[in-house]
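Each remark here refers to the structure printed beneath this line.
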Amino acid sequence: MSSEDEHPPTKVPRTRIARACENCRARRKKCQPPYPCQACRDAGLPDCLVRDKPRPMRRRRSQQATSAPIEGSTYPQRTQFLRLIDEELERLYSSQTGDSVSLELEEAPTHPDCNLLTPLPELPNPLPPSAAKAMQTFCDHMLPFCSFMTAPRVLSLFERYLSAPQSLSADQTALMYSCLALGYVRLRSFPDKRHAREVPDSDRTDVPYFRHAVHLLDKWGSASFTSLHTLSGLWFYSTLACTSETCREIVSWMISQAKELGIHQDQGSAAYSPADRADLMFVQVLYSHYWTTALTGRPPLIRPGEFENMTFRSRPVPEDQAVVLVPRRSLMELLVLNTQLMMNLHDSRNARLSLDWLLRIEDRWDTWCATWVSQGRTTGNKVTDPFLSVLWDWGRLTVRAVTLNDSRLSMSSLAVLTRSAIKIIACYYDFYLYREYNLMWLHFRHLVTCAHIVIIAHWRFELTKPEAEHALSNALWMIGLMEARWGRQASEARRKILQVANVLSLPIAPPATPAVSEGSHVIGYDMFDQSALGVLYEAFDAAVTAQAPMSGGWTIDSLFLAPEYAP
């Protein structure tokens, strides 16, 4: 018997021709080069479509798992992430009492004339004797939050305004009005104590200056860096006295002027004068836009591809050439990340978000954290810098509020929400206890949302009762301080928090002002020592080469500028 008879022939497995064209694959025809193949030529087709892979769109099972949609992330519901937190607490309250409660934060201007639709109030005439004190108050207490201006420039313009007001252009006069508005709102609210007092409407000298600054710029109708500086000051004022809708109108105006001036895209160093502070205005526009969007649920005003790159230049301090100032890079790059996040949440083309989207978001944040925190580069430390700390934690809070109702992510999302809320409350508590603060609406919004999260976290066993009581008591103390400016809005928010907390087994005694607070020494900012140039700067010792920024400045790292997130 032959060897062939001993071993019967095995069945030859069917093979698949990976390079078969789509026409032959559909008709189950043999396909081979040269292309176009013979079958396509016989059919009169001009060309063959041959895939590089047999099934290029097929994902591995592991990839399919991460691409699964996140429950509760449908558009546009996900854009109302703050309301999602309020609704969760409302449901808990209703389940325990059978009654309903609305935790949506009320909004109203702090003065009737802060509404831009009301008739224009008259300016004080003659100039009040307190105007010089108000301007000095601005330079001492508000200028550090307006890093794009310097005290010598402001005081020089004010001297001209007093002696020869006709010598000022419309945008310069508007700048003086905005500085006086900010100076008066600080002077009237904090006359001689650490904490604010309530100011009667009749004493609100700040309001006419605010309205006339807006009116002058609107009537002037042009764009300049001086008018952009003015609008940035007006946005700051609007967070202290107006509604979020007014803030949004001013931000929209800022973006329009920034585009007209060309700073929404990097124009190179030769395009601007150092006095314009174009790099700082780039930061200021992005900063005000982010917070106006992140706290209202309204769609972003910036489009993808805008405000993503700028050359940031270092400059020596005039009083000390050994010290170099540069715009705070860590803040800038985190702003870019968080702004891209808001754009993605409001992208109507993505009906639902995916786990893969969440992983990419957190991977970028992890890269930022490794760059600025683990390596300790410059002063970009999210633990010690309150501006970075709140920006960092609010971004994480935003994402996890969207994923809280997903059964696969609810536990981790609640943990991240809780940790971020506790840190934001602790950051503001230290700030309000020991530092000069301003009664800003965005602080108020942060504290109310974080207080709601603390109550939910305690009910779901994420926080112990002592932990929740401590955080909630601190938050309520600060919300109580807000009543001096925000009146009924703050008192109602505080009352409802106490009401819901009591029902959900977290009774909180009305918090008293800490004994250390009223007479405590105010801690200044190290960066303010450098000509009061403000929080957007960080300082370097030029003699320490390891600390010094690049001689030609810096641009935003490309890893933070990838295309918009896709689900």
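Structural remarks
- Residue list for region 400-412, filter: part of a helix (DSSP H, G or I) and buried (at least 20 other Cβ atoms within 10 Å of the Cβ): Arg400, Ala401, Val402
- Answer from Leu182, Leu280, Leu286, Leu216 - the residue that is of a type in the set (A, V, I, L, M, F, W, C), modelled with pLDDT of 95 or more and under 18 Å from Phe145 (Cα atoms): Leu182
- Among the candidates Leu127, Leu89, Leu82, Leu116, residue that is surrounded by 15 or more Cβ atoms within 10 Å (Cβ to Cβ) and at pLDDT below 95: Leu82
- Scanning region 383-409 for residues that are charged (D, E, K, R) and touching a helix residue (DSSP H, G or I) at 6+ places or on another chain (Cβ under 6 Å) gives Asp393, Arg396, Arg400.
- Unique match (being assigned by TED's automatic domain parsing to the domain that holds Arg188, more than 17 Å from Ser178 (Cα to Cα) and of a type in the set (S, T, N, Q)) among Ser256, Ser227: Ser256
- Evaluation of Thr230 against (1) closer than 19 Å to Tyr209 by Cα; (2) buried (at least 19 other Cβ atoms within 10 Å of the Cβ); (3) out of contact with any Asp or Glu (no Cβ under 7 Å at 6 or more places or on another chain) (one fails), failing number: (3)
The values are calculated or read from the model by the stated rules, or taken from the named source; none is laboratory data. The model shown is predicted, which means the values in this text are computed figures rather than measured ones. Ideal geometry is used to build each Cβ from the backbone, glycine not excepted, and the neighbour counts take in all protein chains shown.
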